Structures are given as C-alpha cells and as structure tokens.
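One structure below.
The values are calculated or read from the model by the stated rules, or taken from the named source; none is laboratory data. This one's a predicted model, so the numbers in the text were calculated from it and none came from an experiment. Counting neighbours? That spans all protein chains shown, and the Cβs are built from the backbone with ideal geometry, glycine included. These area figures cover heavy atoms from the full protein model, side chains too; ligands, DNA and RNA do not enter into them. Shrake-Rupley method; radii C 1.70, N 1.55, O 1.52, S 1.80 Å.
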Amino acid sequence: MDDVVIVGGGHNGLVAAAYLARAGKSVKVLEKLPHVGGAAVSASPWEGVDARLSRFSYLVSLLPDQIVSDLGLNLTLRSRAASSYTPNGRTGLLVEREPGPATVASFEAVCGSLDDWERWQRWYADLELMAAALAPTLLEPLVSREHLRLHVDAVARGRLWDQVFERPIGATLQELFDNNLVRGVVATDALIGTHSSLHSLRANKCFLYHVIGNGSGEWKVPVGGMGAVTAELERAAREAGAEIVTGAEVTSIESDGKTASVTYGDGTAEARFVLSNVAPSVLGRLQGREVHDAPGCQLKINMLLRRLPALKSGVDARLAFAGTFHLDESYDQLETAYLESVAGQVPSVLPGEMYCHSLTDPSILGPSLAGHETLTLFGLHLPASLFEGRNERLRDELVRRYLDQLNAHLVEPIQDCLATDANGEPCIEARTPLDLEEELGLPGGNIFHGELGWPFAETDAEVGKWGVETDVDNVFVCGAGSRRGGGVSGIGGHNAARAVLERI
C-alpha cells in the first residue's frame, strides 16, 4: 500500500508528489494522458514546424518563489518588455513595464489629461502593497475573512479592501477612472477564464488572483515554454522517489476515510490518502456521485508568423505585442460581450488579448524559424454552451472574425504574415472549451476547474484548514479546484501535501 495516490499528473499533482516524496512518503501519480503536465505543456501544433509553443496555459504569475526554492526547480521566468498596449484608432494606450515618458504621453493622448494616469499609479501602488501582504498567506492555513481584512488594511489604504473584496470590481473601476478604455484594460484581469459581469463579485475573485501572484502580480514568460515548468516538476518528483504512471486513466475511487482504493486501467492502487488533481466534478463522478460541471468560456488561438505586422498607429510592433495586446476590450465592450453571451448569442464584438512570447523567449523557435514570431490570442466571453452542436463551424467563424478585428489596426492583413507548415497550410490553430474537454479532460473546458474562491475561510469551521479538504477524511483536492487554486501556481499541490503531512 502506498502512502499517497495522486489522480492526475498536471503541474499541481507533480508539486504534491515532489513534496510528499521528499518527505519520505511513498507516492504514485496516475495520469491518463501519455505525458504529464496537463495544460502546462510545450508542443508544436503544426507538422514539420520546429516550435515549442505553450499551447494551452501560457504565462506564470502565481507560482511562488518558495515552491521553486523548496523543490530545487531550475526555471527561468522572464519579464516582458511591456505590460500592455491597447490600440485606439490612430493612437493607443501603452503601459511600459517600467512606465516612462511614452506611457505618460499615451495616457494623455487617449484620455485628454493625466488624471487617469495619476489614479492608475495610486491604484497599482496599492495593489502591489496588497499583493506583497497576501501572497505568502496562500501557502499557509486559511484564516478568517476579518483576519485577512485587517492584514490588508494594515499595509494598504483603508478603502482597498472594500474596492477589491466587497464592491463589484466594475463599480470600483467606474469610480476610479474616467476613461472607458483605461477601465477596460484594468478590467480584463477580472475576466480571464471567468464568465462574469463586471458587476458580480465573481469577477473580483478572478481579478484578485491576477494581481497578487508571487507578491507582485507580474505575469512572466517561462523560458522553454510551459513544458519547461512541467519538466522540472516531473524531474523533482521522480528524483525524490515518486512513481509516475502515464496512460493510466482512473475509473473509480473508493474510500472509508482511512484507506482508499483507486481503480485505473487494468490495475488497482491502495493508499492511505488520495489527492485529486482533476476537477472537483470529475472527482465526484469517480466517487459515484451525481455532480454538475462548471463550463469554461474562452477561445485560444495559436499562430506562427513569418514576421510581425506593422501597426497603423506607428507604435513598434515588437513593443506592442511584447506584453498584452488588448483587442476591443474597453469597459463597455467587455460588459456588452458578456450580456450577449449570457443570452446565448455570440458577441457582436469579440474581446480578446494577444501575446508574442517569442519576443521574450526566442528559444521556443528552432534554428529553421529564424525571424519568425509566435502570436497567441485569448478570447473572452465565449462559454462552452455557444459551441454545442457547432463546435468546428463556430471555431472557424471566430478565428476569421478575430483576425478581421485585428486587421483593423494593422498596415497589412495578419493572414499575409502567417507561416506555413510542411503541407503548405497556414500555421494557425484554435481551441474552444469543448476542444479542451476532449483533449485534456477539463469539464466544459474550464481552465480553473470551477469557480474561483476567496483566499480566506468562508466559515469558522474552515479556519486553520488548507482549503483542500473534502467530506472524506483521506481524500483531498490538490488541483486548480482547491481553495486558492487556479492558474499555474502549484499552490493547490503544496497545500494538499501539507495537509497530508499533518495527518500521516
């Protein structure tokens, strides 16, 4: 009998495996795919193309330095040259990583004054103070809401708790900023992977996790792609003594609270504890329960370009695409897209954002692709229900529409810049929520495994727990569906391992 069986070899499962094995526990990881990593992988979607794209998840913010240090991971995370660029007719809003005269000038050009720029600086300075205070708590047992509020109030301005935790983020942004485009740039952090109005606190939870990662909120590019993160975690787990079995789909989990039996393929694994790195709804079905999924809401488009296109605004494309390129993501456009999508309609204007990772990490492209660049687009407010019964047709339609919207800001059509694969086909692929469900086993394609939760105890009974517990004493959630999970963070894996080590 093993001490621990981990269901799912995604990055959180590997984090948990490494911690537990390093503590001397016998650990078995069961992964149904032929490889570990889940959505955190690097690969080329195109035949004969020497590229290592982060096909699914793509940036790292929430992965704590403590986990990297504890597990001895050899990772390089690079800052992007710019934070964001948002085209706006013949001008645009540029936010440099270290804001200078160009950023100030762009705010004045877009807003007509520097009022919103001054508010922006105060807002993000406050958020950075909050991030520094909250990030370490994500690797500790849960505290009460009031305890966390006092913690935030002690380091940031008194209104910040109310602005982030109590009032809908949309109301906060309408109060803070006058310009619709500025509001939208801030608001996108509240909507990545979350189908919500900006006037719902669901958006606040998403915003919170996007701005507190590792104490700064900066989203960085992993050198070598997401697969480099997974490869290091797999190495750490195996070297610590964990057994990793791929091609092993788990079909059932039974437990009496003291010992558990996990059935997979042609085998059965017995263990004192089970950690679930699959979505909570998948865990429920494995336990024989009737459960409901929480579907995802995004479209991912990957492209390989022979060159970056020039912008009509005249801004250097290597700067504009280095960070987050916001496409039709003003505050009003984001809210309208949500309202249309929740009514069962494809948004009339598609909000999305793009990144050129190869500008920050050229190593993901092989020598034969010198001069080429990648381009990744993440589309918002496209719930899984829109794709049902028409997945391929709607996927193709959305790709065409997104490219057309992008072309409105380019000197030449993006289609003219696309590279081709070994068969002469354009290097472009798109993945819908239904595609993610089929390929990765994410129910409804939800990249967070479900709705995000606040990083504090919701009830007095939760205080002092790790946010990974279930109603079965020896079954824990270690993936994105754990409290404080979501994103490529390893936090769920760390916290589940700590919970086991307290009891074993």
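Positive end of the dipole of the chain (Cβ unit charges, origin at the Cα centre): among 276, 94, 349, the Cα lying farthest that way belongs to 94. Here region 186-301 was treated as a single set of alpha-carbon atoms; its pair distances binned every 5 Å from 0 give 2, 8, 11, 13, 16, 16, 15, 13, 5, 1, 0 percent. Across region 367-504, Cα pairs under 8 Å and at least six residues apart give a relative contact order of 15 percent. Can you bin region 45-105 into rounded, prolate or oblate? Criterion: square roots of the alpha carbon gyration tensor eigenvalues sorted a ≥ b ≥ c, rounded for a/c under 1.5, prolate for a/b above b/c, oblate for the rest. The shape class here is oblate.
Distance from the C-alpha centroid of region 134-168 to that of region 238-270: 38 Å, rounded to the whole angstrom. Of interest is the spacing of the C-alpha centroids, which for region 457-482 and region 276-313 amounts to 24 Å.
If I take R0 = 30 Å and measure r between the Cβ atoms of residue 132 and residue 199 in this structure, what FRET efficiency does the formula 1/(1 + (r/R0)^6) give, to the nearest 0.05?
Calculated transfer efficiency: 0.60.
Just report the Cα centroid separation between region 68-106 and region 1-47, whole Å. About 32 Å separates the Cα centre of region 68-106 from the one of region 1-47.
Excluding same-chain neighbours fewer than eight residues apart, the lysines reachable from residue 300 by a Cα-Cα span under 24 Å are 32, 205, 220.
Each of 304, 320, 331 was placed along the dipole of region 302-343 (beta-carbon charges, centred on the mean Cα), and the one lying farthest toward the positive end is 304. The accessible surface of the chain, taken with every protein chain in place and a 1.4 Å probe, is 46 percent carbon and sulfur. For residue 28, the lysines whose Cα falls under 30 Å of its own Cα, not counting residues fewer than eight places away in the same chain, are 258, 465. What region 300-365 shows is 31 Å² of accessible area per residue, with the surface traced by a 1.4 Å probe over protein heavy atoms. Residues in region 405-468 average 40 Å² of solvent-accessible surface per residue, probe 1.4 Å, ligands and nucleic acids excluded. Normalising the average separation of contacting C-alpha pairs (under 8 angstrom, six or more residues apart) by the number of residues puts the relative contact order of the chain at 25 percent. When you restrict to C-alpha pairs under 8 Å that are six or more residues apart and normalise by the size of region 118-247, the relative contact order lands at 28 percent. Positive end of the dipole of region 246-382 (Cβ unit charges, origin at the Cα centre): among 286, 365, 251, the Cα lying farthest that way belongs to 365. Quick one: if the Förster radius is 56 Å, what FRET efficiency do residue 261 and residue 180 give, using the C-beta to C-beta distance and rounding to 0.05? Result of the calculation: an efficiency of 0.50. As a test of the formula, what do you get for the chain when each DSSP H run with n ≥ 4 contributes -39,500 (n - 2.57) and the sum is divided by the residue count, at 222 nm and rounded to the nearest 500 deg cm²/dmol? Theoretical 222 nm ellipticity from helices: -10000 deg cm²/dmol.
State whether region 289-341 is rounded, prolate or oblate according to the following rule on the C-alpha gyration tensor (a ≥ b ≥ c being the square roots of its eigenvalues): a/c under 1.5 gives rounded; otherwise a/b larger than b/c gives prolate, and the remaining case gives oblate.
Oblate, since a/c reaches 1.5 and b/c is not below a/b.
The residues of region 1-151 expose on average 40 square angstrom of accessible surface per residue, using a 1.4 Å probe on protein heavy atoms.
Which value, in Å³ per residue, describes the convex hull spanned by the Cα atoms of the chain?
Expressed per residue, the convex hull around the Cα atoms of the chain is 141 Å³.
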